[in-house]
Amino acid sequence: MAVDISAIDKFYRDIFDCINGAVSACIPSRKRSKADYNVPGWNTYVAERHEIARDAYVLWRESGKLRHGYYFDNMKKTRAHFKLALRHCKENVEEMKANACAQGLLDTDPQQFWRNVHKTSNSKANAHVLSVGGASGQRVIADMWKTHFEKLYSSKSHSKTPC
């Protein structure tokens, strides 16, 4: 007796589609966008403070949720530090993206770096860089590059002998 594999595959897909349809119709769900949870700068500025605040909260909860004392004060203090770091990241999203893009220069995959630059739009990334080569401020940075290229292209090391 020969078994038709394509018939078994079709039967499996039909059963799977039926189950998915029943689940969709009977169980309410909410689609969440990935962007709801993506905070640029989280790993750099927030993750450690979140872990510390969570540990302090667990200790406070295990101590009976008293509204005074060491555990309560520690929980409040660590939570405030966490929220401050999170607020900083949310208020400076473009700067965080630009810093991540600049950090990508240190990575060994140049293609990934340029993909990230393309994703974040190079003009936006450059608009939020705070300092370049020790210079800060748009005018100072522009003057630094002007001086650099003047020195580079006006050097007198060219020989004047004809070819």
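The values are calculated or read from the model by the stated rules, or taken from the named source; none is laboratory data. This one's a predicted model, so the numbers in the text were calculated from it and none came from an experiment. Cβ: placed from backbone, ideal geometry, glycine included. Neighbour counts: every protein chain shown.
Tell me which of these GLU94 doesn't satisfy, since it passes every other one: (1) acidic (Asp, Glu); (2) touching a helix residue (DSSP H, G or I) at 6+ places or on another chain (Cβ under 8 Å); (3) modelled with pLDDT of 95 or more. All conditions are met except number (3). The test for being surrounded by 14 or more Cβ atoms within 10 Å (Cβ to Cβ), in a helix (DSSP H, G or I), not assigned by TED's automatic domain parsing to the domain that holds ASN116 and not aliphatic (A, V, I, L, M) does not hold for ARG87. Of the residues contained in segment 63-82, none is found to be within 18 Å of the chain's Cα centre (by Cα), assigned to a helix (DSSP H, G or I) and aliphatic (A, V, I, L, M). The requirement of being under 30 Å from VAL132 (Cα atoms) and touching a residue at least 40 places away in the same chain (Cβ under 8 Å) is fulfilled nowhere in segment 48-67; no residue meets it. For segment 94-114, the candidate set comprises residues that are hydrophobic (A, V, I, L, M, F, W, C) and more than 19 Å from SER131 (Cβ to Cβ); within that set, the residue that is surrounded by the most Cβ atoms within 10 Å (Cβ to Cβ) is PHE113.
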